[in-house]
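Notes follow the structure.
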Amino acid sequence: EPEVTQTPSHQVTQMGQEVILRCVPISNHLYFYWYRQILGQKVEFLVSFYNNEISEKSEIFDDQFSVERPDGSNFTLKIRSTKLEDSAMYFCATSWDRDNTEAFFGQGTRLTVV
Amino acid sequence: QKEVEQNSGPLSVPEGAIASLNCTYSDRGSQSFFWYRQYSGKSPELIMFIYSNGDKEDGRFTAQLNKASQYVSLLIRDSQPSDSATYLCAVNDYKLSFGAGTTVTVRA
C-alpha cells in the first residue's frame, strides 16, 4: 500500500534553531498539507500546497514557517527560529484531489524544542 | 476556522457491543465529512468519508450524516479491543478541520 514517509521521526532542537521536516508524498498525489498536534490537543491545519505554491495557510503559519518542494519529490516544512511552543507532532498529509477523499497521513515527526 | 465538536469521552464499551460517536459542525455549507482513527502516538488513519445524507457502511463501521442538523456520527459494531483508540471527526473545506476526538476503550 502506498504511504507518505516523513523524516526524521523525532527531532530535538534548541530554541532559536532552524529545523526542516521532510515528507515524501505518495507518487500520484497533487495536494500536500502540513498539520500539527500539540500533545493532548487536536490536530490543527498549518498549510496546503498545490502546483508549487501555497493554497491556504492558517494563523499558526506565520513568517517563521515556510514550505517548499525543492526537488519535485520531497515536501519540506521549515521553521526558521523555533520556540518552545513549536513542540508538537507534525504530520504531512497528501491527497490526489482537493476533496481529500484519499488523504493519507505520514507517521509524523515529533519535534521537541528545549 | 470551521468548528467541529465531539463528545470528549472517554467512551468505554464491552467487547462485541456497539460504540456510538457523535460530531457536530458549525458551517452549514460543509459538504464532506471524515472519520479518522488515531492510536496513541500515531498518525490519523482514514476510516471513511461521507458526503450524502443518510448512512454509509464499510465493514463494521457505519457513518451517518444529517446535514439539516449539522450532525455526523460513527457507529462501530461488534467492537474489538483493537478498536480502542481516539476517533477524530473532520470537516473538509479543501483542508481538514478536526474535532478534539473521542477516546474509545473496548473492554475485553
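Residue by residue through B:31-43, how many Cβ atoms from other chains fall within 10 Å of the Cβ on average?
Values: counts 1, 3, 0, 4, 0, 3, 0, 3, 0, 0, 5, 4, 14.
Going residue by residue through B:31-43 and averaging, the value is 3.
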Q. Between A:E1 and A:K78, what length in nm is gained on full extension when 0.36 nm per residue of separation is reduced by their alpha carbon distance?
A. 24.9 nm
**Q.** Residue exposure sequence - B:R60, B:R107 - by fewest surrounding Cβ within 10 Å
**A.** B:R107, B:R60
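Sort A:D99, A:D62 so that the residue with the fewest other Cβ atoms within 10 Å of its own Cβ comes first and the one with the most comes last. Write out the running numbers ahead of the final one.
On the way: A:D99 17, A:D62 9.
Ranked by crowding around the Cβ, least crowded first: A:D62, A:D99.
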Q) With each pseudo-label sitting 7 Å past Cα toward Cβ, what's the B:S52-B:S69 distance in nm, one decimal? A) 2.0 nm
Q | Cα centroid separation, segment A:46-88 to segment B:67-108 (Å) | A | 28 Å
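Counting only C-alpha contacts under 8 Å and six or more residues apart, can you give the relative contact order of segment A:1-91 as a whole percent?
On the way: 158 pairs, mean separation 30.7, N = 91.
Worked out over segment A:1-91, it gives 34 percent.
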Q) For the protein assembly as shown, how many pairs of lysine residues have a Cα-Cα distance under 28 Å, where the two are 8 or more positions apart or belong to different chains? A) 29
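Neighbour counts of other C-beta atoms within 10 Å: give me B:K67, A:K83 arranged from fewest to most. Walk me through the intermediate numbers first.
Working: B:K67 16, A:K83 11.
The most exposed by this proxy come first: A:K83, B:K67.
Computed from the coordinates by the stated procedures, all read-outs in this text should not be read as laboratory data. The shown structure was predicted, so the numbers you read here are calculated from the model rather than taken from an experiment. Reconstructed Cβ throughout: ideal geometry from the backbone, glycine too, with neighbour counts over all protein chains shown.
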